[in-house]
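Comments concern the structure below.
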């Protein structure tokens, strides 16, 4: 890491090292979750999780609680309510997700307006700031990345079977529902623990864009995990450096860097139009 | 041995009666062909048997575990953007058989290679399963089901995307598999003329009723 700092003409200050570690771990968990979100075609679920995390964090600040913990609670609650709400209302999971999305957005703006003190802190959760992450935040982020990686390694065969076909997995006795909901819960965790670093509204981009970039180079699942993590890491670290050097908002720099890498990848990618 | 029995199963979607009081007993070694026109309820009956659909009334008694049932859907083609290769897709049959935590056995790897050759999928084994033809997808699904070594194999219109030669080969393969393994096979099809006479029990469905 010092090589990277020296290359950029920076000294390895503790807050900068913390920022790089946090964003690196965030990149890994978001990239893996992103591959699941991409192939299960549930980007809207990830977007809803991002807003639930933001609402939870804002409400946490309002009540004087740890915003990361309240973000986790709200994200998990949102994840648990998607399926029962769809069942009760007799409509698709997409419709119930949109209701939860609106509810969370409404809550977030309501409590933003009600917060008297710490409004700057609440606003920073919207855009994130990896340069201010604490050691405790890093523990949360590392635990989440470890959970995502462990789940991937332990349940890889089940994940492949469920991505291949949820119906066939169910028909042949594979526990497809627990696997699918575990993926959603890990998505919720990844979004919520990284809210202070990347920001509630931008974390969604870090889940979707590196995976879309990876898809330009490989359509097979195993290389996609690796490539997606690589592009997410590049976006996080280059975005962070750009933000530090040019004094830009960090979350926005990271997301714009991810977009830039995606557009560059479009120029170099193999032609994927054989599906048409 | 009776492995599954359906007792007065009825399925109703909104105001439409899809199946009416169906009673069916399936024993080990049975080869049952369910025939009927489109909309007769054949696919729903198979989905009931593998747990993909729930009956509105009636009950099912099963003497086999969930992973001892293999299902080959009518639409065998996976999603166009499915990131799984043909080989990995076939191996999901072994995952169902052994469970998701167990290490892949060498006999399953050998079994999948044999099935890939048997079903003529060698040239596409490393291709993405969404990029193969309809006929290849159907053979891949059947290979996956065989690797699972089920006690009950459910096939929904398995001949729909196959040419004449493949249909004959598959018919022979299914009859041999049924005789060799004692696996019960329930097949929904409207093409019954290619099956050898007398090897199977035929059930005719019309508007959700067995006639």
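Since every read-out is calculated from the coordinates, none of them should be taken as a lab result. Remember, predicted model here, so these are calculated numbers, not experimental data. Note that we place each Cβ from the backbone using ideal geometry, even for glycine, and neighbour counts take in every protein chain shown.
Is it the case that some residue within region B:10-31 is facing chain A (nearest Cβ under 10 Å) and surrounded by 14 or more Cβ atoms within 10 Å (Cβ to Cβ)?
No: region B:10-31 contains no residue that is facing chain A (nearest Cβ under 10 Å) and surrounded by 14 or more Cβ atoms within 10 Å (Cβ to Cβ).
Does region A:51-65 contain at least one residue that is under 18 Å from residue A:190 (Cβ atoms) and surrounded by fewer than 17 Cβ atoms within 10 Å (Cβ to Cβ)?
No, because not a single residue in region A:51-65 is under 18 Å from residue A:190 (Cβ atoms) and surrounded by fewer than 17 Cβ atoms within 10 Å (Cβ to Cβ).
Which one is farthest from the other protein chains (Cβ to nearest Cβ) among residues in region A:168-179 that are in a helix (DSSP H, G or I) and surrounded by 17 or more Cβ atoms within 10 Å (Cβ to Cβ)?
A:176
Check off (1) within 14 Å of chain B (Cβ to nearest Cβ); (2) in contact (Cβ under 8 Å) with a residue 24 or more places away in the chain for residue A:262 and give me the number that stays unchecked.
Of (1) within 14 Å of chain B (Cβ to nearest Cβ); (2) in contact (Cβ under 8 Å) with a residue 24 or more places away in the chain, only one is false for residue A:262: (1).
Can you tell me which residue in region B:133-154 is surrounded by the fewest Cβ atoms within 10 Å (Cβ to Cβ), limited to those that are outside any helix (DSSP H, G or I) and within 12 Å of chain A (Cβ to nearest Cβ)?
So the residue we want is B:149.
Of all residues in region A:15-49, which are within 14 Å of another protein chain (Cβ to nearest Cβ), surrounded by fewer than 21 Cβ atoms within 10 Å (Cβ to Cβ) and more than 19 Å from residue A:147 (Cβ to Cβ)?
Across region A:15-49, the qualifying residues are A:41, A:43.
I'd like to check something: does region B:81-95 contain any residue that is touching a residue at least 12 places away in the same chain (Cβ under 8 Å), more than 14 Å from chain A (Cβ to nearest Cβ), in contact with a strand residue (DSSP E or B) (Cβ under 9 Å, 6 or more places away or on another chain) and surrounded by fewer than 20 Cβ atoms within 10 Å (Cβ to Cβ)?
no
Does residue B:68 count as touching a strand residue (DSSP E or B) at 6+ places or on another chain (Cβ under 8 Å) and within 25 Å of residue B:173 (Cα to Cα)?
Answer is yes for this residue.
Working only within region B:105-126, note down all residues that are within 14 Å of chain A (Cβ to nearest Cβ), part of a helix (DSSP H, G or I) and without any contact (Cβ under 8 Å) to a residue 24 or more places away in the chain.
Across region B:105-126, the qualifying residue is only B:109.
Exactly one of these conditions fails for residue A:165: (1) within 14 Å of chain B (Cβ to nearest Cβ); (2) surrounded by fewer than 24 Cβ atoms within 10 Å (Cβ to Cβ). Give me its number.
In the conditions (1) within 14 Å of chain B (Cβ to nearest Cβ); (2) surrounded by fewer than 24 Cβ atoms within 10 Å (Cβ to Cβ), residue A:165 misses (2) alone.
With touching a helix residue (DSSP H, G or I) at 6+ places or on another chain (Cβ under 9 Å), more than 11 Å from chain A (Cβ to nearest Cβ), part of a loop (DSSP other than H, G, I, E, B) and surrounded by fewer than 21 Cβ atoms within 10 Å (Cβ to Cβ) as the only criterion, which of B:102, B:54 stands out?
B:54
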